[in-house]
1. Sorted from largest to smallest, which semi-axis lengths in Å does the alpha carbon gyration tensor of the range 1-80 give for its equivalent ellipsoid, taking the root of 5 times each eigenvalue?
2. Could you tell me the accessible area of Thr54 in Å² (1.4 Å probe, neighbours in place), rounded to the nearest ten?
3. For all pairs of alpha-carbon atoms in the range 42-102, what percent lies in each bin of width 10 Å, listed from the first bin to the last filled one?
4. Would you work out which of Gln29, Ala58, Ile139 lies farthest towards the positive end of the dipole of the range 14-150? Charges go on Cβ: Lys and Arg +1, Asp and Glu -1.
5. Work through the residues other than Val76 whose Cβ is under 15 Å from its Cβ and net out their charges, Lys, Arg +1 and Asp, Glu -1.
6. How much accessible area does Ser10 have with a 1.4 Å probe, in Å² rounded to the nearest 10?
7. Less than 12 Å Cβ to Cβ from Leu18, Lys/Arg counted +1 and Asp/Glu -1: what total charge do the surrounding residues give?
8. Please report, as a whole percent, how much of the solvent-accessible surface of the range 131-184 comes from carbon and sulfur atoms (probe radius 1.4 Å).
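The values are calculated or read from the model by the stated rules, or taken from the named source; none is laboratory data. The structure presented is a predicted model; accordingly, all values stated were derived computationally and were not measured. For neighbour counting, all protein chains shown are included, and Cβ atoms are generated from backbone atoms with ideal geometry for every residue, glycine included. All accessible areas refer to the heavy atoms of the entire protein, side chains included, with ligands and DNA or RNA removed. Shrake-Rupley method; radii C 1.70, N 1.55, O 1.52, S 1.80 Å.
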Amino acid sequence: MPGGIRREISAGKAAAILEQVTPSGPAAQARRELAAEFLAGLRRLDAQLREANTKLAAAVRASGTSLTGIFGVGPVIAGTVIGDVRQVFRFPDRDHFASWNGTAPVEVSSGDRKKACRLSLRGNRRVNHAIHMAAISQIRHKRSGGRAFYEKKLAEGKTPKEALQALKRRISDAIYAALVADARQAAAAACPEGPGGQPGTHSASRAAGSHPAHRHFGPATPGPRRHPTAAAGIQGRAGHSPVAATLPPAKPQVQVERPQRSEDERPGGAARRRPYSAARKAPMGPSNSPLKPELRTNPGQPLDSNSKEDSL
């Protein structure tokens, strides 16, 4: 088109412009047909996008969230945050939530260098992008609180990127507060009364649930338990298995007392108390070796070292 057209136009406006174009040859005619097919595909995608936005807006309204009350947070951003966060109480505080979504700055200083922080590239990038879009929406509207906060940071000497990061952290804190409030309200609505009729507790027990017929467990102080074999001989007793009732009565176990054995009767007892033999107590011979008891004529008397018979 001579002079060009706007960068952002709708598919309907592009089709109206295309109808005004008169092709000057076969090549221009082919380009016009390709452009028409391209516009038909865009219109189909626009229809799917509108349907998806309608379903998403209905789902966000049904959830009863208060995220849409934050400036710049629409159904798409709210649905993205709710879908990825799931349970907000898994984050102890807003600092952990900011670290999870990547809006908390990362310190890069070390040693004697001045403390400095940089943009975090960690965390959930989908939620981080949603918060980024909310921050851009606030900056674009001059009457928003986010635009005033952004200009304040610029006046303090912050760079545009640092001011944007500070605004994203502020939006992250606001989203965390809204999620916590919604979770507490949903818990209070699901369980308005606790035990004894006191509101504010999250227990599912009720005073009516303490009826004996509704008990899930036995009594707090059960009676004495009996062994099944002891009651097997009682015929027709309620509460016992019919199979156990047909079993013969258990035989009483008699404990047999074993006689106490003396120390000599125990294995190895006599050997421990056996005295040394006479041969080991006999005096030494000339060869400094004990004499054999079976060769001695009189074991009770010492042998004469000059006697050859005794020495043999």
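1. Semi-axes (√(5λ), whole Å): 39, 14, 7.
2. Probe radius 1.4 Å; accessible area of Thr54 about 90 Å².
3. So the P(r) values, bin by bin, are 20, 42, 28, 9, 2.
4. Comparing the listed Cα positions along the dipole, Ile139 ranks first.
5. On the way: positive: Arg50, Lys55, Arg61, Arg126; negative: Glu51, Asp84.
That works out to +2.
6. In the full protein context, Ser10 sits at about 70 Å².
7. Within the 12 Å Cβ shell, the charges total 0.
8. 54 percent
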